[in-house]
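Trainee: One structure, as structure tokens, below. Some questions next.
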Amino acid sequence: MATQTNGAIRAEDLDTRAHAAALLARYPDLSESELGELHHWFKRVAGPLDVGLLASDPAVAQQYRAYSDAHQDRFSARDIGIAALFVAITAGAIGIIVMMMP
């Protein structure tokens, strides 16, 4: 996530956002390692402000939408597993409550 100190964004955060923008500008013509860098940046480094700034940048907006459609807006197996676990726990709790009713 982008780290802030006293309300100011650090210079290295600007560098990583600029690097991500440069990669996005060339999307989809990226190597596997560059695509991996972009995935890592969006999942582990970028904060909401970073993503918003890239999404609203006219120079990379079209590539951002294409990248987002292809890679970001999908449920992962982990997301589905967490949802299934939540449903199972909720159903179990409701089942126990119903069984305890006289």
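Trainee: Confirm whether residue 49 is more than 16 Å from residue 23 (Cα to Cα) and either surrounded by 12 or more Cβ atoms within 10 Å (Cβ to Cβ) or touching a Cys at 6+ places or on another chain (Cβ under 7 Å) (or both). I'd like the intermediate steps shown before the answer.
Mentor: Details: more than 16 Å from residue 23 (Cα to Cα): yes; either surrounded by 12 or more Cβ atoms within 10 Å (Cβ to Cβ) or touching a Cys at 6+ places or on another chain (Cβ under 7 Å) (or both): yes.
Against the criterion (more than 16 Å from residue 23 (Cα to Cα) and either surrounded by 12 or more Cβ atoms within 10 Å (Cβ to Cβ) or touching a Cys at 6+ places or on another chain (Cβ under 7 Å) (or both)), residue 49 qualifies.
Trainee: Next up: Restricting attention to region 1-31, and to residues there that are at pLDDT 55 or above and of a type in the set (Lys, Arg), which single residue is nearest to residue 63 (Cα to Cα)?
Mentor: 26
Trainee: Collect the residues in region 59-79 that are of a type in the set (Asp, Glu) and not in a helix (DSSP H, G or I), keeping them in residue-number order.
Mentor: First, pick out the residues of region 59-79 that are of a type in the set (Asp, Glu): 69, 73, 79.
Residue satisfying the conditions is 73 alone.
Trainee: For region 15-58, enumerate the residues that are within 11 Å of the chain's Cα centre (by Cα), of a type in the set (A, V, I, L, M, F, W, C) and in a helix (DSSP H, G or I).
Mentor: Selection gives 38, 41, 42, 45, 51.
Trainee: Now a separate question. Could you list, in sequence order, the residues of region 57-81 that are surrounded by 10 or more Cβ atoms within 10 Å (Cβ to Cβ), of a type in the set (A, V, I, L, M) and closer than 21 Å to residue 40 by Cβ?
Mentor: Once the filter is applied, which keeps residues that are surrounded by 10 or more Cβ atoms within 10 Å (Cβ to Cβ), of a type in the set (A, V, I, L, M) and closer than 21 Å to residue 40 by Cβ, region 57-81 yields 60, 66, 70.
The values are calculated or read from the model by the stated rules, or taken from the named source; none is laboratory data. All of these numbers come straight from a predicted model, not from anything done at the bench. Every residue, glycine among them, receives a Cβ derived from its backbone with ideal geometry; neighbour counts consider all protein chains shown.
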